[in-house]
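> Mind having a look at this structure? Questions to follow.
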Amino acid sequence: MLLNVYETRPEVIPGTRRLEADFGIQGQRLRDLHNAERFWEVGESYLPFYGRALGGIRVKLTDQKGFITFCNQRDFEVLLGMARPGEWCRWAHEEYVAPGHERWVGFCCDEADVEDVLFGAELTLRQYSQYNGWLIPPMDVEFRIHVEAGYDVEETHVLIMDHDPETGLGPDTQLETLHRRWARSERRRIQWNRV
């Protein structure tokens with residue numbers, strides 16, 4: 001088990017959902033279950049979304065073509081060989097399942113995960129900003145997302161503003177107000193093998 005987030009609250013990088021600990025898994029490579037040519041490298045880990053049906057930490061992965069996805073802790077522990085299907089998952093209070101099982105989720109990226117990807121891109125832009133962390137519109141970021149098996153997209157997000165519209169103060173660096181600063185301008189499906 002990587003961590004029982006229901007017994008131990010992990011330390012996060014302030015202002016983010018990214019965990020400080022890497023659990024010794026960063027940099028490991030996993031073969032995609034649906035495409036033998038595709039490999040995923042393990043990146044950062046993130047806090048769970050406590051309202052989701054399947055909890056646990058979320059692990060970010062990037063493939064050799066720059067696509068980003070996430071994996072839930074339960075399935076990730078199976079992929080790493082830390083647990084076997086049929087064993088009891090103490091922190092989830094259910095059995096681990098095998099790939100292909102109806103409860104298997106595996107690699108996927110939903111809107112909440114995209115928010116963490118966008119926020120990470122924003123932090124990088126701020127780090128290299130020539131305006132002391134301010135981001136000046138117009139500006140856009142692009143990234144590739146593996147939504148689920150067989151479904152990959154390329155997204156573009158456009159910076160609308162970098163201040164609090166109520167107070168006028170900025171730069172606005174809060175995760176909670178990310179949706180006010182950025183708008184998705186394009187999301188188009190692409191074929192992995194054609195990139």
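The values are calculated or read from the model by the stated rules, or taken from the named source; none is laboratory data. Here the structure is a predicted model, which is why all the values come from computation and not from measurement. So basically every Cβ, Gly included, is an ideal-geometry build from the backbone, and we count neighbours across all protein chains shown.
> Taking region 90-130 as the search range and keeping residues that are surrounded by fewer than 17 Cβ atoms within 10 Å (Cβ to Cβ), more than 20 Å from the chain's Cα centre (by Cα) and among the hydroxyl-bearing types (S, T, Y), which one is farthest from D75 (Cα to Cα)?
S129
> Checking the structure you have, find out if any residue of region 144-163 is within 21 Å of the chain's Cα centre (by Cα) and in a helix (DSSP H, G or I).
No: zero hits.
> If you don't mind, there's one more thing I want to ask. Anything in region 1-20 that is at pLDDT 90 or above and surrounded by 13 or more Cβ atoms within 10 Å (Cβ to Cβ)? List them, or say none.
The answer is V12, T16, R17, R18, L19.
> Then there is this: Kindly check whether there is at least one residue in region 112-119 that is of a type outside the set (V, I, T), within 20 Å of L61 (Cβ to Cβ), outside any helix (DSSP H, G or I) and not assigned by TED's automatic domain parsing to the domain that holds L61.
So far as region 112-119 goes, no, none of its residues is of a type outside the set (V, I, T), within 20 Å of L61 (Cβ to Cβ), outside any helix (DSSP H, G or I) and not assigned by TED's automatic domain parsing to the domain that holds L61.
> Same structure, new question: Go through region 159-176 and count every residue that is closer than 21 Å to D140 by Cβ and loosely packed, with under 14 Cβ neighbours inside 10 Å.
Qualifying residue count for the region: 2.
> Here is a further query. Does R126 count as part of a strand (DSSP E or B) and either modelled with pLDDT of 95 or more or over 25 Å from P48 (Cα atoms) (or both)?
For R126, the condition - part of a strand (DSSP E or B) and either modelled with pLDDT of 95 or more or over 25 Å from P48 (Cα atoms) (or both) - is not met.
> Tally time: how many residues in region 143-158 are surrounded by 15 or more Cβ atoms within 10 Å (Cβ to Cβ) and of a type in the set (F, W, Y)?
Going through region 143-158 one residue at a time, the tally reaches 1.
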